[in-house]
Structure formats: structure tokens, C-alpha cells
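These notes concern the structure reproduced below.
FYI, it's all coordinate maths here, none of it is from the lab. Fair warning: this is a prediction, and the values are worked out from it, not measured in the lab. Reconstructed Cβ throughout: ideal geometry from the backbone, glycine too, with neighbour counts over all protein chains shown.
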Amino acid sequence: MKFFLILSLLFFIPLSHGKITIISHDMNSKTSNYNINDDNLEIWGSTTGTCTHNTTSNGTADVCNSCAENLNKEEPCHNKKISPSSNVTINFTFSKNIQTSYPFLRYGDQVLTIESGSTVNGQVATLVFNWADVCSALSYNDNTCSSIDRGMFTFGVADTFDTDIQETMQMRVYTVTVLPSDISPDCSNSASGSAPYNLGVRDFSILPSDEKIYIPGAKHKDIAKEVLTFCDDTGIYNGNAPAGGNIKNLILFYNFTDLASVDTSSLSLTIPLIGHFPHETLLTKNSMDNLFNGYPIFVKMAVQDQAGNILDLSPTMAEIAADSVCNGIDSTSTDTDILNCKYSATPRR
């Protein structure tokens with residue numbers, strides 16, 4: 001693995017953590033999600049869904065969008081699915097007096113990569129690591145990154161190949177894949193705590209307002225067709241469920257033509273959740289604003305975990321087909337029919 005001690009055109013925001021300062025990186029296009037915390041880096045690599053990766057000029061691959069490319073766009077997906085061939089680049093400075101640095105990445109006693117450089121403290125060092133190498137270290141030579149795993153790596157610089165005098169930062173890595181068989185899209189699995197997991201939206205409705213729609217909750221139960229409720233499965237808390245981390249967001253997928261064609265490739269709105277999912281979960285907002293009055297909108301919902309996986313698109317095509325009110329609803333339907341379907345609404349003053 002090569003290290004290039006130059007500053008490439010990457011996402012550039014100085015981020016200081018102790019003695020290591022990350023000054024730029026390409027994690028936006030090479031990882032599924034990442035967080036830079038006070039004293040460590042956290043990255044997620046998801047291989048959920050199916051899509052084609054674009055190969056970059058240096059022979060590695062960017063993330064791809066399986067939400068747009070899945071053949072069945074009701075299935076779990078990720079709009080930033082990683083490729084095992086991707087290289088992740090992190091440029092950083094360090095404060096320790098190391099005259100000739102050796103940037104490295106280590107997992108326990110295993111040094112994944114190290115190479116001599118010529119930077120001194122305060123200058124830019126570059127770490128480049130490959131997803132396949134990281135996944136192999138985590139999951140016993142599974143270089144496809146298709147295993148669910150996690151582990152703590154260490155990166156930084158040393159003044160010898162033995163990495164005995166070093167300046168480091170911790171990097172926690174999560175790899176995850178969610179299969180369609182992992183999730184019960186209609187919350188119908190009676191064996192709580194086992195796959196397929198009841199994970200996602202159980203039911204909801206939308207109501208119209210002036211230039212917007214809103215999602216009724218418990219306080220609107222007297223006027224709502226259905227209040228927003230989530231599946232309840234205790235198994236998602238004991239580590240058995242797909243290991244994409246906690247559910248963080250509610251995703252509204254929508255279009256202005258018909259309900260049946262709304263899927264994970266449609267326009268979307270992300271609403272962050274607060275509280276302990278699915279119990280005592282609150283929306284940070286309950287409306288979609290800046291719509292045009294008089295134009296109907298059709299909505300489905302899904303949830304998104306910390307890794308960024310999008311799960312449980314609701315209602316499913318089977319649920320719509322079984323719904324005599326909403327089956328076939330589209331922009332040519334009568335105002336009354338659109339109002340009566342809980343998944344459609346027409347904003348009005």
C-alpha cells in the first residue's frame with residue numbers, strides 16, 4: 001500500500017483530535033458513513049443491495065447507490081454502498097517530534113500497512129487503506145466485506161518500521177450487509193427476536209395543510225386516519241438484528257404522480273429521530289414544507305440505521321394491492337379518493 005505525501009483535492013475541513021489533526025479525507029465517497037469524535041474516528045462500510053461501482057482514475061471504486069439500482073426497490077439498500085476495492089485516504093498532521101515518519105494502520109498486533117515517509121511534525125502525512133484489507137482483518141480473510149463485524153484499528157505515524165514510538169488515533173470500523181430476508185416488511189414475524197426482524201414503520205398516514213403535509217402522531221389521533229407507529233421487536237436490542245447500529249432517521253419517499261411507483265429511488269426527505277427506537281421515539285419535525293397547493297403527493301416511509309442502510313419501505317406493493325381505498329390511487333383520482341387514502345394528500349390553504 002502506497003502513501004503519497006501530498007495534499008490531494010479532498011474534502012477539506014481541519015479536525016483536531018489530541019496530537020493528530022485530520023485536515024482532509026475522501027470518506028464522503030469511499031465509506032458508507034463516518035463520524036469524527038473527540039478522540040477517535042468511526043467509519044461504516046455497508047454492502048447492502050446491488051449496484052455498479054464507478055472506477056476512479058487511480059483504479060479504485062467510489063461508493064454506489066443500491067437504492068436507485070436494486071431490481072426490487074422495496075428491498076434494503078444503501079445510497080453509499082462500498083466496494084472492497086476502494087481505497088480510503090486520510091491526510092493528517094501530528095505534533096510529536098518525528099523526523100522521518102512511517103504512517104501505518106494496525107489492527108491489534110497486525111500491521112496492515114506501513115511505509116516510510118519524509119514528513120516531520122506539523123507537516124502532512126497521508127494514510128491510504130483498502131477496504132478489502134480492513135475487512136479481511138476483521139472477518140478472517142473475508143475480503144468481500146460481506147460479513148457483519150466490527151473492530152478497533154489504530155492509525156498514525158511512527159519513527160521506525162516497528163511502530164514502537166508513535167502518535168496515534170483510534171479508528172473503529174463497522175462492516176454490515178442487510179439482506180431482504182433479514183427484515184419483515186409488514187411487521188408480521190411472530191417470533192420476536194429472530195429473523196426476519198420486525199424493524200421499521202408499522203403504519204402511518206399523512207394530512208394536508210397550507211403548502212405542506214404533516215405526519216400525525218398521538219396528539220392528532222382524533223383526526224388522523226392512522227398515527228405513525230413503528231414495529232416492535234425486542235430482538236433488535238440484543239445484537240441479533242442486522243448490525244447497522246441504532247435507527248437514526250425516518251425517510252419519506254414521495255412523488256406527485258401515483259402511490260404504486262414510489263420506491264427507494266424516488267425523491268426523499270430525511271427526518272432525524274430522537275429517543276429510544278421504537279419506544280418513545282420523537283420526530284425532529286413532522287411536516288414536509290414548501291409544497292404547491294392543489295397538487296397531490298404520494299408518500300411511503302422507511303427507516304435508516306446508523307450505517308445508512310434504508311430498511312422496510314412501507315406500504316409494500318402487496319399491502320397497497322390489498323387496500324381497497326389506496327390501490328390504484330394517482331394524480332388523476334378524485335379529491336375525495338386522494339383524501340381518503342392515508343398515504344396521499346393534497347396541500348390546500
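Could you list the residues of region 278-296 with an amide nitrogen less than 12 Å from a label point located 7 Å from the Cα of ARG349 in the Cα-to-C-beta direction?
293-294
Work out how far the C-alpha atoms of region 15-176 reach from end to end along every principal axis, then list the three figures in whole Å, largest first.
55, 30, 29
For region 180-345, what value does the Rg/Rh ratio take when both radii are computed over Cα atoms and Rh is the Kirkwood radius, given to two decimals? Kindly include the intermediate steps, with their values, before the conclusion.
Working: Rg = 15.5 Å, Rh = 16.2 Å.
Expressed as Rg/Rh, it is 0.96.
First select every other residue whose beta carbon is under 12 angstrom from the beta carbon of THR50; then total the charges, Lys and Arg +1, Asp and Glu -1.
Residues close to THR50 contribute a combined charge of 0.
Return the distance in nm (one decimal) between the two label points of a simple spin-label model at ALA321 and SER29, each offset 7 Å from Cα along Cα→Cβ.
Taking the simple label geometry, ALA321 and SER29 are separated by 4.2 nm.
Restricted to Cα positions, what overall size does region 261-347 have along the principal axes? Three whole-Å values, descending.
Result for region 261-347: principal-axis Cα extents of 39, 31, 25 Å.
In percent, how large is the relative contact order of the chain, given Cα pairs closer than 8 Å and 6 or more residues apart?
16
Taking Cα pairs under 8 Å and at least six residues apart, what relative contact order does region 15-176 come out at, in percent?
It rounds to 24 percent for region 15-176.
Treat the count of other C-beta atoms within 10 Å as a stand-in for reagent exposure and order GLU280, GLU211 from fewest to most. Working shown, then result.
On the way: GLU280 8, GLU211 14.
Ranking GLU280, GLU211 by Cβ neighbours within 10 Å, fewest first, gives GLU280, GLU211.
Report the full-extension gain for the segment LEU282 to LYS19: residue separation times 0.36 nm, less the Cα-Cα distance, to one decimal in nm. Present the calculation step by step, with values, prior to reporting the outcome.
Working: separation 263, 0.36 × 263 = 94.68 nm, distance 3.81 nm.
Residue separation times 0.36 nm, minus the Cα-Cα distance, leaves 90.9 nm.
How much net charge surrounds ASN121 when only the other residues with a Cβ under 12 Å from the Cβ of ASN121 are counted, with Lys and Arg +1 and Asp and Glu -1?
Working: positive: LYS19, LYS96; negative: ASP159, GLU167.
Combined, the nearby Lys, Arg, Asp and Glu give 0.
Ranked highest first by the average count of other Cβ atoms within 10 Å around their residues, in what order do 281-293, 298-310 fall?
Ranked from most to least packed, the peptides come out as 298-310, 281-293.
Out of the DSSP beta bridges found with both residues in region 180-345, what percent are antiparallel (nearest 5)?
If we restrict to bridges inside region 180-345, about 95 percent are antiparallel.
Over every pair of different alpha-carbon atoms in region 305-348, take the mean of 1/r and invert it; report that Kirkwood radius in Å. Kindly include the intermediate steps, with their values, before the conclusion.
On the way: mean 1/r = 0.0830 Å⁻¹.
The answer is 12.0 Å.
First select every other residue whose beta carbon is under 10 angstrom from the beta carbon of PHE253; then total the charges, Lys and Arg +1, Asp and Glu -1.
+1
Need the full-extension length gain, VAL227 to LEU269, defined as separation in residues times 0.36 nm minus the C-alpha distance. One decimal, nm.
Extra length from VAL227 to LEU269 when fully extended: 13.3 nm.
Mind checking the dipole of the chain: about its Cα centre, +1 per Lys or Arg Cβ, -1 per Asp or Glu Cβ, Debye to the nearest 20?
600
Rounded to whole Å, give me the distance from the Cα center of region 91-156 to that of region 33-66.
Region 91-156 and region 33-66 have Cα centres spaced 16 Å from each other.
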